[in-house]
Amino acid sequence: MMSDRPEVVAGIDIATAAVRVVCADAQGRVRARGGAELPPPRRGAGGHSEQDATAWWPAVAAALRQATGALPAGGREVVAVAVAATSGTIVLADGRGEPLGPALMYDDRRAAALNARAQEAGAGRWRALGLSVGPTAALGRIAWLAGGGPAAHDGGRHLLHTPDLVGWRLTGGPVATDWSHALKSGYDARAGEWPDEVFDALGVPARWLPSVRAPATPAGTVCADAAAETGLPTGCAVRLGMTDGCAGQLATGAVRPGQFVGILGTTYVLKGVTRDLIADPSGALYSHRHPDGWWLPGGASNTGGEAVAHLPSERLPALDRAAAERGPASVVAYLLRGEGERFPFVSGAARGFVLGTPADDADRHRATLEGVAFLERLALERVAELGVTVEGPLWAAGGGSRSPLWSRIRATVLGRPLRVAEHAETAFGAALLAASGTLHPDLTASAATMVRPGRDVEPDAREKAALDASYATFTAALRARGWLP
């Protein structure tokens, strides 16, 4: 390896509205970035949510060109690339990998009834996996395509997840999918197979389904056409990625059993690592498979950063300062995004509430921040009820973790330090997967070497008693409403 041209890896994040690329070296130093916008999804009647799948590759190529163009050797130093994308977005493609219609997005609800049939047809399998087939699962949309969707009669040959289509463009041919992106399509990572009994019951042709392999395993190499479009070198390794949520977890460094991360973005997500599969009878917690064979249990709430999203960003620092000065809130708040809750408890009847009348804006803001922290504590208690031990500090990621006040409140409510990660972003997590087997032997080694330790936020002993009392009020209110057992 030449000192003036260190080897780097590229991680690609294909989000709903944009593509982001991070190039990092073996020590985790970010050497270049790139980005490009995507057309917004088209959402309509019947819960339809679609995106032009032909826009994915041009955006990926543009983001890669921007990143490789910023590297000293123009991209020739990139030795591997991996892709992470939204979980459950699918498209049907022909034998050349060309989309036969729009992509059906992760939140598309058109196949809710088919997903209910899939839940029934594979009940024993899902029970063993601790998984429930929700109304937006990709499995039902695959059946919808097979049963008369617009692409079903146009010679469709390949069911592709977003990274599968991009991998096809990168390598010049079909690639395997990873067991993370395939989860919501019904892949059983415990048994290592597609649920044939479910697809047979729903009329899905087996020939549509891709082969499935572990994340970080080789998928091929960059072909000459892709190299010309992206600035990546011909022959650069293409490795399988993981979903955006899993890649975001990896980017924090929480990759070993017992380590968990609380991701406070638009919603709150708790994800961790266990040696064995944890089956949650309620379906609130479900598990992806770790690249090294362990399990990644996690759940996503309907509350989180959305609770403060209505506030102008320029007001937040002043509100945080005022809320910090006043101390624990005089009221208890639980603010939901929409209706119903999915984690750490499942209830379609759940609604947000405020117990009492806030004294002022600072009090209201403080109660909002505390309410999310209370939900996080409830989530960790649910994990403990399922027999999982969370070791050490809770890693923290997401936009909400940039608030010192919110992080301190969370640490105090949890009674444990909060470790705020430095590069907790999906593209960096994809870069870790690209580095596994190229720059480092495996994912654990990649994370140990490339992820910075972050900073620890300690609990505030002066506020612990007041926050414990408010938490007791919070959980009592949930039980009184019949949402908690």
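What the table shows:
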| quantity | calculated |
| --- | --- |
| Residues of the range 329-340 that turn out to be open to solvent by 40 Å² or more (accessible area, probe 1.4 Å), under 29 Å from Gly298 (Cα atoms) and at pLDDT 90 or above, as a count | 1 |
| Criterion violated by Ala118 - all others in (1) touching a Leu at 6+ places or on another chain (Cβ under 6 Å); (2) within 21 Å of Pro40 (Cα to Cα); (3) of a type outside the set (Lys, Arg) satisfied | (2) |
| Single residue of the range 58-98 satisfying the filter (of a type outside the set (Gly, Ala, Ser) and out of contact with any strand residue (DSSP E or B) (no Cβ under 9 Å at 6 or more places or on another chain)) that is least open to solvent (accessible area, probe 1.4 Å) | Glu98 |
| Selection count where residues are more than 24 Å from Ala17 (Cβ to Cβ), open to solvent by less than 30 Å² (accessible area, probe 1.4 Å) and either among the acidic types (Asp, Glu) or part of a loop (DSSP other than H, G, I, E, B) (or both), scope the range 241-266 | 5 |
| Qualifying residues in the range 454-469 (those that are in contact with an Asp or Glu (Cβ under 9 Å, 6 or more places away or on another chain) and open to solvent by 20 Å² or more (accessible area, probe 1.4 Å)) - the one farthest from Asp25 (Cα to Cα) | Arg455 |
| Hits in the range 276-304 (condition: among the charged types (D, E, K, R) and buried (at least 23 other Cβ atoms within 10 Å of the Cβ)) | Arg289 |
| Single match in Arg190, Arg207 (criterion: over 22 Å from Gly75 (Cβ atoms) and not in a loop (DSSP other than H, G, I, E, B)) | Arg207 |
| Matching helices (runs of 4 or more DSSP H) fully within the range 341-453 where at least 1 residues are over 30 Å from Thr68 (Cα atoms), open to solvent by 20 Å² or more (accessible area, probe 1.4 Å) and modelled with pLDDT of 95 or more | 361-385, 404-414 |
| Residues of the range 144-180 satisfying the condition of being part of a loop (DSSP other than H, G, I, E, B), at pLDDT below 95 and under 19 Å from Thr54 (Cα atoms) | Gly149, Pro150, Ala151, Ala152, Asp154, Gly155, Gly156, Arg157 |
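The values are calculated or read from the model by the stated rules, or taken from the named source; none is laboratory data. Treat the numbers as computed from the prediction; the structure is a model and nothing was measured. Neighbour counts are summed over all protein chains in view; Cβ atoms, including those assigned to glycine, are modelled from backbone coordinates with ideal geometry. Accessible surface is based on the protein model in full, side chains and every heavy atom, while ligands, DNA and RNA are left aside. Shrake-Rupley method; radii C 1.70, N 1.55, O 1.52, S 1.80 Å.
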